[in-house]
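A.B. asks: My questions will all concern the structure given below.
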């Protein structure tokens with residue numbers, strides 16, 4: 001049953017209803033003292049609470065809403081007043097009346113918007129968040145419904161102050177207030193949040209603007225939470241061809257599961273947005289290598305690079321020749337060479353090959369008289385050809401299986417068979433989140449190879465193939481993942 005339209009709330013005259021939601025009703029109102037039109041948002045609890053708890057709730061709400069009213073930024077809706085109607089006890093916030101459309105309305109049809117416009121909107125929101133974070137205010141509920149886009153194209157964040165209300169006040173029978181699809185992993189897991197949580201949520205909004213679909217969605221609340229915690233959405237360019245790799249890189253870093261690998265603040269994200277819009281590579285997000293052809297992967301885990309990667313090839317090898325010993329063996333303090341594992345294996349093979357070649361040349365010199373032709377001119381002896389150093393396959397495997405086995409084939413030859421184990425990292429409702437990892441480095445002969453991975457355990461059995469070209473002395477990283485809550489799936493993707 002719809003409540004009748006009130007005549008007044010506080011000193012404000014009510015004109016009409018603009019909308020309603022879980023937290024209350026929004027009215028168009030007029031401030032008679034200033035003759036100013038504004039939006040009046042009422043706040044009400046969706047359930048009854050004891051009087052003592054209600055008083056505590058109201059005090060916290062009023063304090064946080066007044067703190068939000070101190071924010072003065074063109075990307076944040078202006079809060080004119082907060083208060084309570086004495087006649088009905090209704091809490092309200094008097095807001096700047098905006099004329100435009102929310103991003104929820106723009107994305108309702110499930111269609112992406114042009115990527116440069118999506119970036120401009122995200123950049124404006126990032127700047128607004130940076131201002132709020134500088135005042136010690138974390139929004140905690142960044143989502144399309146809380147962003148209004150004006151006719152001028154300016155995007156404005158709404159509902160500061162409301163979003164900071166404690167989760168225990170905004171739940172009914174275990175249901176989350178709003179949607180969890182835009183929550184950061186730490187927020188979804190009930191851990192403390194900071195400004196980086198808003199950065200993740202903004203990354204979710206940007207991903208949806210670029211693709212027309214939510215980055216994390218599912219048939220139920222537990223399914224969505226598990227995807228937020230465990231799965232990475234595919235890069236936007238997979239859904240919309242033509243989106244630059246630089247945009248994928250920005251989205252990937254904003255959506256990093258680990259806050260330490262995410263953008264450290266919203267200003268850094270805004271800086272990268274500016275760089276990409278100017279046609280320059282982002283300064284704070286690393287571009288991923290080109291994706292393999294369609295059909296060579298099942299799902300892409302678009303995570304930002306965390307440093308490391310294969311060592312640079314020596315100059316001679318890059319030019320197609322044989323590297324010199326000094327290019328691959330670098331003594332430290334006059335002692336033994338200090339090398340990464342893959343380069344050390346390559347160096348050892350190279351040293352053995354050179355030693356074998358030298359021994360062969362000595363033997364040929366001893367028999368030289370037997371091969372000198374009658375004309376007195378020495379024959380040209382063949383120089384031994386050194387075998388090229390192998391490439392390296394670096395496997396990074398992540399799964400949530402309690403136990404099992406992983407097997408890896410290269411061109412139908414078994415090269416790895418390892419048992420799997422994991423540990424419980426978090427409990428969510430009645431679900432236990434488990435995590436297990438495995439890292440292995442395998443030598444691979446140069447050339448195009450077919451890598452097959454089979455994973456079995458906990459009633460799951462999956463097998464996938466992926467093709468890849470391995471270069472002499474270079475490493476390729478293969479990310480293997482078993483994800484999914486309702487239906488598990490095995491995915492392979494070449495990483496950086």
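A.B. asks: Filter the stretch 42-78 down to residues that are at pLDDT 75 or above and outside any helix (DSSP H, G or I), then give me how many there are.
C.D. replies: Adding up the residues that qualify gives 11.
A.B. asks: Does the stretch 264-286 hold any residues that are outside any helix (DSSP H, G or I), over 14 Å from residue 248 (Cα atoms) and in contact (Cβ under 8 Å) with a residue 40 or more places away in the chain, and which are they?
C.D. replies: 264, 265
A.B. asks: What are the pairs with Cβ atoms under 8 angstrom where one residue, in the stretch 176-191, is farther than 11 Å from residue 216 by Cα and outside the structural domain of residue 259 (by TED's automatic domain parsing) and the other, located anywhere, is modelled with pLDDT of 90 or more and surrounded by 21 or more Cβ atoms within 10 Å (Cβ to Cβ)? Sequence gap at least six, or different chains.
C.D. replies: No pair meets every condition.
A.B. asks: Given the residues 235, 264, which is the only one that is surrounded by fewer than 21 Cβ atoms within 10 Å (Cβ to Cβ) and either over 14 Å from residue 182 (Cα atoms) or in contact with a helix residue (DSSP H, G or I) (Cβ under 8 Å, 6 or more places away or on another chain) (or both)?
C.D. replies: Every option except 264 fails the conditions.
A.B. asks: If you don't mind, there's one more thing I want to ask. How many residues are over 17 Å from the mean Cα position of the chain (by Cα) and more than 18 Å from residue 155 (Cβ to Cβ) if we restrict to the stretch 234-283?
C.D. replies: Selection size over the stretch 234-283: 8.
A.B. asks: In the stretch 400-450, how many residues are on the phi > 0 side of the Ramachandran plot and free of Cβ contacts under 8 Å to residues at least 24 places away in the same chain?
C.D. replies: Adding up the residues that qualify gives 1.
A.B. asks: Moving on. What single numbered condition from (1) in a strand (DSSP E or B); (2) under 23 Å from the mean Cα position of the chain (by Cα); (3) at pLDDT below 90 fails to hold for residue 395?
C.D. replies: Of the numbered conditions (1) in a strand (DSSP E or B); (2) under 23 Å from the mean Cα position of the chain (by Cα); (3) at pLDDT below 90, the odd one out for residue 395 is (3).
A.B. asks: Same structure again: Identify the single condition in (1) at pLDDT 85 or above; (2) assigned to a strand (DSSP E or B) that residue 401 does not satisfy, given that it satisfies every other one.
C.D. replies: Only one criterion in (1) at pLDDT 85 or above; (2) assigned to a strand (DSSP E or B) is unmet by residue 401, namely (2).
A.B. asks: Filter the stretch 140-159 for residues that are part of a loop (DSSP other than H, G, I, E, B) and touching a strand residue (DSSP E or B) at 6+ places or on another chain (Cβ under 8 Å); which is surrounded by the most Cβ atoms within 10 Å (Cβ to Cβ)?
C.D. replies: This residue is 142.
Yes or no, residue by residue, for (1) within 16 Å of residue 104 (Cβ to Cβ); (2) outside any helix (DSSP H, G or I); (3) within 22 Å of the chain's Cα centre (by Cα); (4) at pLDDT 90 or above:
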| site | (1), (2), (3), (4) |
| --- | --- |
| 119 | no, no, yes, yes |
| 123 | no, no, yes, yes |
| 127 | no, no, yes, yes |
| 132 | no, no, no, yes |
| 165 | no, yes, no, no |
| 203 | no, no, yes, yes |
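A.B. asks: Then there's this: Could you please let me know if residue 137 is under 16 Å from residue 77 (Cα atoms), out of contact with any strand residue (DSSP E or B) (no Cβ under 9 Å at 6 or more places or on another chain) and at pLDDT below 90?
C.D. replies: When the stated conditions are applied, residue 137 passes them.
A.B. asks: Among residues belonging to the stretch 463-495 that are touching a residue at least 12 places away in the same chain (Cβ under 8 Å) and surrounded by fewer than 17 Cβ atoms within 10 Å (Cβ to Cβ), point out the one that is nearest to residue 409 (Cα to Cα).
C.D. replies: Once the filter is applied, the top-ranked residue is 465.
A.B. asks: Okay, moving on. Which of the residues belonging to the stretch 463-489 are outside any strand (DSSP E or B), in contact with a helix residue (DSSP H, G or I) (Cβ under 9 Å, 6 or more places away or on another chain) and closer than 29 Å to residue 216 by Cα?
C.D. replies: Residues satisfying the conditions are 484, 485, 486.
The values are calculated or read from the model by the stated rules, or taken from the named source; none is laboratory data. These numbers were taken from a predicted model, which means no experiment stands behind them. Every residue, glycine as well, gets a Cβ built from its backbone with ideal geometry; the counts of neighbours run over all protein chains shown.
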